Amino acid sequence: MDTNEFQSHVLKELSEIKSLFIKNEQDHADLRVEIQSIKGEIRKDLNSHLKWNIGIIISVGFLIVGIFKLFPN
């Protein structure tokens, strides 16, 4: 293999590495976007569950107070 062939081979390999690196960076960016989306959905679901739990606790509290007011003894 002469010098020109070697340089051509090295440039070809570097070009392939560059392409793989760019693809890897794009995949990484896509993965970050997907993770952020999932984190947003989890936060939204947790907030919804928290609101429901607080509502249930308050309702049960009012129910208990109402029962004690209706039947004091």
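Net charge around residue 10, counting only other residues with Cβ within less than 14 Å of its Cβ (Lys, Arg = +1; Asp, Glu = -1)? Intermediate values should be presented prior to the final figure.
Details: positive: 12, 18; negative: 2, 5, 13, 16.
Residues near residue 10 contribute -2 overall.
Over the chain, with the other protein chains present, what is the accessible area per residue in square angstrom, probe 1.4 angstrom?
Solvent-accessible surface per residue comes out at 98 Å².
Over the stretch 1-51, what percent of the accessible surface lies on carbon and sulfur atoms, probe 1.4 Å?
Here it works out to 59 percent.
To two decimal places, what compactness ratio does the stretch 1-43 give when its Cα radius of gyration is scaled by 2.2 N^0.38 Å?
Compared with the compact-globule rule of thumb, the stretch 1-43 sits at 2.02.
Given axes a ≥ b ≥ c from the Cα gyration tensor, I'd like to know whether the chain is rounded (a/c under 1.5), prolate (a/b larger than b/c) or oblate.
Prolate, since a/c reaches 1.5 and a/b exceeds b/c.
The values are calculated or read from the model by the stated rules, or taken from the named source; none is laboratory data. Just so we're clear, the structure is a prediction, and the values are computed from it rather than from any experiment. Quick reminder, even Gly has a Cβ in these numbers, built from the backbone with ideal geometry, and neighbours come from all protein chains shown. These accessible areas exclude ligands, DNA and RNA; they are computed on the full protein's heavy atoms, side chains included. Shrake-Rupley method; radii C 1.70, N 1.55, O 1.52, S 1.80 Å.
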